[in-house]
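Asker: Below are the C-alpha cells for one structure; questions will follow.
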Protein chains: 2
Amino acid sequence: MKAKSDALRKRTRKNGPEAEGGTTTRLPHAERKAQILEIASDFFADYGLTAQTRRLAEECGISQRLLYRFFPTKEDLVAEVYRKEIVGAFKAVWFVELQDRSRSMEDRLSHFYEDYTEQTLTRKWLRLFMYASLSESSMAPDYISSIITQLLEVIMSETAAECGVELPDDRDVIREMGWTLHGAISHYAIRRHLYHASQAVPLKRVVKIQVRLFLNGFADMVQSAAEETG
Amino acid sequence: MKAKSDALRKRTRKNGPEAEGGTTTRLPHAERKAQILEIASDFFADYGLTAQTRRLAEECGISQRLLYRFFPTKEDLVAEVYRKEIVGAFKAVWFVELQDRSRSMEDRLSHFYEDYTEQTLTRKWLRLFMYASLSESSMAPDYISSIITQLLEVIMSETAAECGVELPDDRDVIREMGWTLHGAISHYAIRRHLYHASQAVPLKRVVKIQVRLFLNGFADMVQSAAEETG
DNA sequence: TTCCAAAGTCGTCAATTGACGACAATTTGA
DNA sequence: TCAAATTGTCGTCAATTGACGACTTTGGAA
C-alpha cells in the first residue's frame, strides 16, 4: 500500500517560491501564526474575504499548505482576522475620557472623534467590516453594536448633563439622536476610505463642524423628541 | 386557448431546469434581456458581484449558456446592472422640489429625505453600490459623486437663503457642511440595510430629528466656518 | 408543408480553488 | 550522535467557474 514513496523522491530543484524579498526563515508556531494573521488582515481588507489562500500564502512567503497547519479552514482564518482587527479596535480609554467632566463637551467630543476616526475608522477596518457585513455570516455584529450602543448612550447623557437638559425615556430615540453625530462622522470615513471622496477638508475641521452642529442643536433636538413622545 | 395548451404540452424532456414557477417560455431578445437584468440586479445585490453565472441562470430559469447570447462577458452584465440600478436611481424632480421656495426648508428637506431614503437608499441599491465601491473597478463613481455634489450645493444654498445667511467661498467646506445631514441620513440607511440595525425608530421620525438638528445649527455652523477661513 | 432564423440547451475545456496526504528539512535534547 | 518533534513543501483531488462550439427546438412566413 505504500505506492509512491520512492517514486516521488525529489529535491527542490529550482529556487524557492519566494525569490524576491522574503527569505523563508523558520519560525516558531506562535510567531508564524501572528505573522500570517497580520498579513492576512491587510490581504482580506484589500481583496475581500473571498480572496484565495494561495495568494495569501504567496504574500506571506510560505506554501499554501502551511496555512492549514494553523487554521483548520479558511473560514476560521477569516474569523480570527475579524476578531483581532474589528472587535479589538475599540479603546476602553475612550469611555473614560468622554466622561471626564473637567473638560468641555466640545473638547471631549472633538478629541474623541479625531482619535476614533484615525485609529478605528481606517481603510482596513472599514473594508473588513463592510465585507463582513455584506457576507451573510454576521461574524459578531452583536458585540460591535453593543459597544456602539454604550458609546452613544454615554455621549448623550454627558452632553445632556452639560447642556442641563433631561433626556426622554425612550432609549431607542436617545440612541437615534446620538447617531446624528456618530453616523455623520462614520459616513465621512466611509466616503473617504471606501468611496475615495471627501479628501479636501482635513479631518480636524470636519470633526469641528460636525461636533459644533451637534452641540448647537442638541437642546432643541432633545426637547422636540420629548414633545413628540407624548 | 390553443396557445396555452400548447405551452403546457411543451415540457422539456426530462426534469426541466425550473420545476416550480417559471415555465421556460420563449421570449424575444429584448424582453429576455430585460428579464435577465431585472433578476440579475437582485441576484448580485444578494450574493455579490462575484456570484456565479450558473446560479443566476438557474434563477432566471434559463441555461447558463443563454446569458452569453446577451452579454459578451460577465463583467459586461454586471456593468449594465450597475448602470441601470445605481446611476438610474436619482430622480431629477428632487432638484426641482428642493428649490421650491413656496415651501419651508424643513418641509422640503423632510420630504426629500423620506423619498430619497425609501426610493434610492434601498437594500438593493446600497448593497450594489457597496460591492462596487469595494471592488477595484470604480464603475462610475464620478457620475454619482457629481450628482451628490450638485445636490449638496442646492441644499446648502437653499437653506442659506431661507436662513438669511451668506455661505463662505470655499466650496469644499460648503459641501462638507451639506454632508452633515446627507451623511447622517445615508449612514442611517447603511446601518439599517447593511448592518441590520437601527430598526426601532421609524424613518419619518429619524428624518425629522436629523433635519431639525441641521436647521437649528445651520446659521451657527456657517458662521463658524466663515470665521475659520480668514 | 417547407424552410430558416431566432431562441434555447448540452457538454466540455481550461483555469481556479479549498483542502490534505505524504514526504523533506531543520531543530532540539538526552 | 541520533531520533523525535517541529517546520515546511510538493503534488494532487474534487468541486467550481467563465466561456463557448455544436447542436436542437420553435414559430412564422412563403
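Asker: Can you give me the relative contact order of the range A:59-141 as a percent, contacts being Cα pairs under 8 Å and 6 or more apart?
Answerer: 32
Asker: May I pose another question? Counting Lys and Arg as +1 and Asp and Glu as -1, each charge on the Cβ, what is the dipole of the protein assembly as shown about the Cα centre in debye, to the nearest 20?
Answerer: Charge dipole of the protein assembly as shown: 3880 debye, to the nearest 20.
Asker: Regarding the range B:90-229, what are the three Cα extents along the principal axes, ordered largest first, in Å?
Answerer: So the extents along the principal axes, rounded to whole Å, are 40, 33, 28.
Asker: Gap in Å between the Cα centre of the range A:35-73 and the Cα centre of the range B:201-230?
Answerer: Rounded to whole Å, the Cα centres lie 45 Å apart.
Asker: Give me the percent of Cα-Cα pairs in the range A:19-171 that sit more than 21 Å apart, rounded to a whole number.
Answerer: 56
Asker: Determine, for B:Tyr113, A:Tyr143, the number of other Cβ atoms within 10 Å of each Cβ, and report the residues in order from fewest to most.
Answerer: Arranged by neighbour count, lowest to highest, B:Tyr113, A:Tyr143 become A:Tyr143, B:Tyr113.
Asker: Okay, moving on. Considering only Cα-Cα distances, which of the following residue pairs are longer than 29 Å: A:Lys124/B:Lys33; A:Lys84/B:Lys74; A:Lys91/A:Lys204?
Answerer: A:Lys124/B:Lys33; A:Lys84/B:Lys74
Asker: In the range A:25-107, if the dipole is taken from +1 on Lys/Arg beta carbons and -1 on Asp/Glu beta carbons about the Cα centre, which of A:Phe90, A:Pro72, A:Phe44 is farthest to the positive end?
Answerer: Ranked along the dipole, the leading option is A:Pro72.
Asker: Work out the charge dipole of the range B:64-220 with +1 on the Cβ of Lys and Arg and -1 on the Cβ of Asp and Glu about the Cα centre, then indicate which of B:Leu215, B:Leu151, B:His187 is farthest towards its positive end.
Answerer: The listed residue farthest towards the positive side: B:His187.
Asker: Within chain A, which DSSP H helices have Cα atoms that stretch 30 Å or more along the helix axis and a mean Kyte-Doolittle hydropathy of at least 1.0?
Answerer: none
Asker: Enter the per residue convex hull volume of the protein assembly as shown, computed from alpha-carbon coordinates, in Å³ rounded to the nearest integer.
Answerer: Convex hull volume per residue, Cα atoms: 241 Å³.
Asker: I want to verify the translational diffusion coefficient of the range A:19-108 in µm²/s; compute it with Stokes-Einstein, Rh as the Kirkwood radius over Cα pairs, at 4 °C and 1.567 mPa s.
Answerer: 85
Asker: Right, another one. How large is the dipole of chain A about the Cα centre if only Lys and Arg carry +1 and Asp and Glu carry -1, each at its Cβ, rounded to the nearest 20 debye?
Answerer: Here chain A has a charge dipole of around 2340 debye.
Asker: If you don't mind, another one. Give me the percent relative contact order of the range A:144-227, please, defined on Cα pairs under 8 angstrom at least 6 residues apart.
Answerer: 36
Asker: Quick one: A:His182, B:His196, fewest Cβ neighbours within 10 Å first, how do they rank?
Answerer: Going from sparsest to densest Cβ surroundings: B:His196, A:His182.
Asker: Which whole-number percentage describes the relative contact order of chain B, with Cα contacts under 8 Å and a sequence gap of 6 or more?
Answerer: 19
Read-outs throughout are calculated quantities, based only on the coordinates presented, and are distinct from any laboratory measurement. Just so we're clear, the structure is a prediction, and the values are computed from it rather than from any experiment. Note: ideal-geometry Cβ built from the backbone for every residue, glycine included; neighbour counts use all protein chains shown.
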